[in-house]
Amino acid sequence: KAKEQGRNNCLLYSEKWEDGALERLTLQHELRQALLRGDFVLHYQPQYRLSSGALVGLEALIRWRHPERGLLPPGLFIPLAEESGLIVQLGDWVMQEACRQTQAWQQADLPTVPISVNLSMGQFQRQNLIERVEEILNKTGLDPAYLELEITESMTMDVVHATAYLQRLKAIGVAIIIDDFGTGYSSFNYLKNLPISKLKIDRSFVRDLSQDPNDAAIVAAIIAMAHNLNLEVIAEGVETSAQLDFLSLHRCDEIQGFLYNPPLPAERIPELLETGRPS
Ligand code: C2E
Ligand code: MG
Ligand code: MG
Ligand code: MG
């Protein structure tokens, strides 16, 4: 059931729309308008501790409520937002909204769990990202301990002084997570010097865990090495109990996936925070 919900969250779209310069221009224009009109919305995907099944976090994932095309997934517009530079404003909105919503749940006396926000390269490269994060935390009143930023391996490698940069974010009290881990080129030797707290194993390795011995070996190795570096590990894209069993056997710390919950609209979150368990 959860799986169906996840897929139905994003309506199908015409392939044709993706191609062509005119369509791209139209889309860029529409993106700008959508920002002004407030047509974006965040869905939240729960993260659970594997050993206890307790809800331990939420990942904010953006969707576009398009007036004609329905609810569009980020894969359809984030790349263009990056290309056109709009990602900076869009990313600002995401962080602001995620912090505002988390603070609102806390104000409503619901148990609070950290919110993970995905950063894009364009945001990470921006000189005043740290100031923006501080401003947003001040403005929304959210405790920095409840904000986690997800970056990718390539972002840490392509940005000059990434380590110093991340150090400053950490100093504010914000946690840094490496998303889609295993798909980039960073070595563990490089990672050990980064002020990060968690690795998120990419969905592509989790997907074929039960059929592909190589993927199983990679996942087991990532978990073991992360633990040796005192990092926590979360697996994304967990869909089956066979995957869950494997991750549990190898002591993965946290999981996120359709097996428990797809990304959910904000209205669905308070009940989950209340029970602290998958619905
Ligand atoms: P991600 O950060 O790796 O997010 C996880 C993606 O996996 C989400 O797709 C989520 O819906 C999907 N997913 C979760 N569990 C399962 C599962 O069990 N099976 C399968 N097949 N998929 C699962 P979504 O929401 O379409 O987001 C795709 C990507 O778009 C994200 O990947 C992230 O890189 C990017 N993105 C999403 N929101 C934002 C945002 O606010 N800012 C930026 N810069 N990027 C975003
Ligand atoms: Mg992510
Ligand atoms: Mg990911
Ligand atoms: Mg991903």
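The values are calculated or read from the model by the stated rules, or taken from the named source; none is laboratory data. As the structure is a computational prediction, the values presented were derived from the model and not from experiment. Methodologically, a virtual Cβ is constructed for each residue, glycine included, from the backbone with ideal geometry; neighbour enumeration extends over all protein chains shown. Surface accessibility is based on the protein's heavy atoms, side chains included, excluding ligands, DNA and RNA. Shrake-Rupley method; radii C 1.70, N 1.55, O 1.52, S 1.80 Å.
Contact annotation: residue pairs with Cβ atoms under 9 Å, 6 or more positions apart or on different chains, pairing a residue in segment 87-105 that is under 10 Å from residue 136 (Cα atoms) with a partner that is within 16 Å of ligand 2 (Cβ to nearest atom) and in a helix (DSSP H, G or I), are 92/123; 95/123. Among the residues making up segment 131-183, those that are within 16 Å of ligand 4 (Cβ to nearest atom) and among the small types (Gly, Ala, Ser) are 154, 182. Taking the criterion of being of a type in the set (Gly, Ala, Ser), open to solvent by 10 Å² or more (accessible area, probe 1.4 Å) and within 21 Å of residue 128 (Cα to Cα), the residues of segment 159-196 that qualify are 164, 171, 173, 175. Which one is farthest from the chain's Cα centre (by Cα), of the residues in segment 177-195 that are within 16 Å of ligand 3 (Cβ to nearest atom) and small (Gly, Ala, Ser)? Filtering first and then ranking leaves 186. Please verify whether segment 257-277 includes one or more residues that are at pLDDT below 95, surrounded by fewer than 18 Cβ atoms within 10 Å (Cβ to Cβ) and of a type in the set (Lys, Arg). Yes, segment 257-277 has at least one match.
Search segment 232-249 for residues being part of a loop (DSSP other than H, G, I, E, B) and without any contact (Cβ under 8 Å) to a residue 40 or more places away in the chain, and hand back the single one that is nearest to ligand 3 (Cβ to nearest atom). Out of the qualifying residues, it is 237.
Could you please let me know if residue 254 is within 16 Å of ligand 3 (Cβ to nearest atom) and surrounded by fewer than 19 Cβ atoms within 10 Å (Cβ to Cβ)? For residue 254, the condition - within 16 Å of ligand 3 (Cβ to nearest atom) and surrounded by fewer than 19 Cβ atoms within 10 Å (Cβ to Cβ) - is not met. Determine which member of the set 221, 266, 242 is of a type in the set (Gly, Ala, Ser) and more than 16 Å from ligand 1 (Cβ to nearest atom). So the residue among 221, 266, 242 that is of a type in the set (Gly, Ala, Ser) and more than 16 Å from ligand 1 (Cβ to nearest atom) is 221. Taken as a whole, the condition of being surrounded by fewer than 17 Cβ atoms within 10 Å (Cβ to Cβ) and more than 16 Å from ligand 4 (Cβ to nearest atom) applies to residue 53. Please pick out the residue among 129, 50, 42, 147 that is of a type outside the set (D, E, K, R), within 19 Å of residue 178 (Cβ to Cβ) and within 14 Å of the chain's Cα centre (by Cα). Selected residue: 147, the only one of 129, 50, 42, 147 that is of a type outside the set (D, E, K, R), within 19 Å of residue 178 (Cβ to Cβ) and within 14 Å of the chain's Cα centre (by Cα). For residue 112, are the conditions met, namely being in a loop (DSSP other than H, G, I, E, B), open to solvent by 20 Å² or more (accessible area, probe 1.4 Å) and either on the phi > 0 side of the Ramachandran plot or of a type outside the set (A, V, I, L, M) (or both)? Criteria met by residue 112.
Among the conditions (1) away from ligand 4 (no atom under 16 Å from the Cβ); (2) over 25 Å from residue 98 (Cα atoms); (3) small (Gly, Ala, Ser); (4) outside any loop (DSSP other than H, G, I, E, B), residue 204 misses just one, which is (1). Condition check: touching a residue at least 24 places away in the same chain (Cβ under 8 Å), touching a Phe, Trp or Tyr at 6+ places or on another chain (Cβ under 8 Å) and closer than 23 Å to residue 199 by Cα. Does residue 48 satisfy that? Yes; evaluated as a whole, the condition is true for this residue.
Here are the criteria: (1) at pLDDT 95 or above; (2) within 16 Å of ligand 3 (Cβ to nearest atom); (3) over 23 Å from residue 126 (Cα atoms). Tell me which single one residue 217 does not satisfy. Condition (2) is where residue 217 drops out. Sort out which residues of segment 250-279 are more than 15 Å from residue 102 (Cα to Cα), of a type outside the set (A, V, I, L, M, F, W, C) and outside any loop (DSSP other than H, G, I, E, B), and write them in order of number. If the condition is that a residue be more than 15 Å from residue 102 (Cα to Cα), of a type outside the set (A, V, I, L, M, F, W, C) and outside any loop (DSSP other than H, G, I, E, B), then 254, 256, 275 are the ones that fit. When the residues of segment 124-158 are filtered to those that are of a type outside the set (Val, Ile, Thr) and within 16 Å of ligand 3 (Cβ to nearest atom), the one that is most open to solvent (accessible area, probe 1.4 Å) is 154.
Which ones in segment 115-151 are touching a helix residue (DSSP H, G or I) at 6+ places or on another chain (Cβ under 7 Å), in a loop (DSSP other than H, G, I, E, B) and of a type outside the set (D, E, K, R)?
119, 120, 141, 142
If you go through segment 25-44 one residue at a time, do you hit one that is near ligand 1 (Cβ under 10 Å from one of its atoms), open to solvent by 30 Å² or more (accessible area, probe 1.4 Å), touching a helix residue (DSSP H, G or I) at 6+ places or on another chain (Cβ under 9 Å) and modelled with pLDDT under 95? No: zero hits.
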